[in-house]
1. Based on the alpha carbons, how large is the Rg to Rh ratio for chain B when Rh follows Kirkwood?
2. From Cα pairs below 8 angstrom and at least 6 apart in sequence, can you work out the relative contact order of chain A, rounded to a whole percent?
3. Just how many % of Cα pairs in the stretch A:1-155 lie over 22 Å apart, if you round to the nearest whole percent?
4. Quick check on packing: order A:465-477, A:422-434, B:74-86, A:109-121 by the mean number of other C-beta atoms within 10 Å, highest mean leading.
5. How high is the relative contact order of the stretch A:142-224, given as a whole-number percent (alpha carbon pairs under 8 Å, six or more residues apart)?
6. Which FRET efficiency value, to the nearest 0.05, is calculated for residue B:42 and residue A:167 with the Förster distance at 30 angstrom and r the Cβ-Cβ distance?
7. In the stretch A:103-154, what is the volume of the convex hull around the alpha carbon atoms, normalised per residue and reported in Å³?
8. Taking every eigenvalue of the Cα gyration tensor of the stretch A:95-184, multiplying by 5 and rooting it, what semi-axes result, largest first, whole Å?
């Protein structure tokens, strides 16, 4: 830019010649220069502002676009790393003691409808009813045409059904994935497992919640996603459980019983190898809660049912009396009947003469003899002993049903109560309680806590009776099978010992039924070194092969228990004791 | 000198930027790969689960019992009973194996010299 002089000489001279003030020219030029300068600066500033405006516009536009994008997209966390293996929202499996599956999961689909998306509602309804005959066409159509925007049609459908629904081709019929609990063995161990159902439900997934049994007890652990890969191992043995269930079901039918229960337990560790309650149910299709109480198939007779267990309790009175040094197996005790105590009379099933030894009282199951032993012990000591055997509190078996099953402990422990409890009346407990107490008596006197979990290591329980008393009791109970009330319990090769118990069922209107009993056989084998305890209970059995129906445990529960031992013991890996030279040839057989 | 310093730092910045850019994309790629693999693992696990469930369904004791009953003629399977156990000394020794040579052969050779003392 050329800089113009403020006082151009030509004009100054010109002005001087005319007599004008030359300063005016200078001022005029200065003004023009300032104006020029101002215009230039303004243009520059405007240009800058424009550039700035463009920048701001770009900035705002970008922020705006980003905000719009964020608002309209699924939120995702920015990350520099990926999570390790995607965790399936799965419930952990349940396996038996040898790792065979008892409960697992299967992915299926649920079917739902969104009526606003549907095209031909009438046809869809008609086709759906063809696939699912239990649906009601009119109701479906009413729901489709109603105001609802969403409705469940089926909670669980099979892949074939899903394909069939696909073939209808209606865009308003949609599927959500569903995790389903599957019990591949059907009814096997149904009461132990309990069953599962859906909890909170969404379109994408549903919570699987344990309803009963171990599924409920370990619900939190089974649902823990961190532990989904490690299965819950139970102490149940699938093969043994199947064999016991089959034999017991056959026995129940043969003895015309209303229900039956069996508990097979390791005598030392308390691990329950088999726990059966009949009638049973299919946990895949749990029956609706129509029947209540002990009539319902879900009712676990082995765990929930507390019954008076009858003469099986005599063993406890005898064991305590021997432990306290009051009697020895050979001590004679008066059994002259009927025994009068106040206004009560105690009778025996048949008359045993004036006196019996303690051993014979157990072998022949004398109520009077046991009542006398209970009197010798006194109420206080008897209570302490039964409490130590676990009859005062629910068992700690890992099932909600077991923890709710509290034995019925007599309120006031008078002498007559002491006597009746001695032979098993007046105190009700479950078959599991009985199995635990028998385990304690025969395993050398160490307290047994029944459990459904495999115990890798276990601490020996407190000593309830001495090893010596335990040995005497084992021999006594072996005699019961050899020459006493449980003679049908003999299984060649396995020295079975045990005690029968036949208790009249209490009538809810008061008193006892004459013709309804609970027959129990509590047994253990092999007798000299007991490994397993088996308790079999039949509810209202009646053996009708004779002239009169026979209901005593010796005729009903004992043969069933013997058959269970015959079938289960080889499966448990117990080799029978073979007498020398009994068998000559060996046939090839495999398990 | 100053110009050289500016140019080298500019080049260094550009180089680092290119490196970071490429690393970023490689990381993204690796993440995608890991995700695809873990999705595959999940689906394989699911398949495995289904197969396990099917296996235990096919091996349920009830079905095996029925199959054993149906095929009794061919297999003769019975429940294991106590009298199926035997002792080891009840099993007779198997007869000694015969020599693998069953017919006569002409043998050509020298008769070994009798040992002398």
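1. Using Cα coordinates only, the ratio equals 1.54.
2. Result for chain A is 13 percent.
3. In whole percent, the share of Cα-Cα pairs in the stretch A:1-155 beyond 22 Å is 77.
4. Result, highest mean Cβ count within 10 Å first: A:422-434, A:465-477, A:109-121, B:74-86.
5. Relative contact order comes out at 20 percent.
6. Computed FRET efficiency for residue B:42 and residue A:167 comes out at 0.55.
7. Roughly 98 Å³ of hull volume per residue.
8. 32, 12, 11
Every read-out reported here was derived from the displayed coordinates using simple, explicitly stated rules and does not represent laboratory data. In this text, all values refer to a predicted model and were calculated from it rather than measured experimentally. No Cβ is skipped: glycine too gets one built from the backbone with ideal geometry, and neighbour counts run over all protein chains shown.
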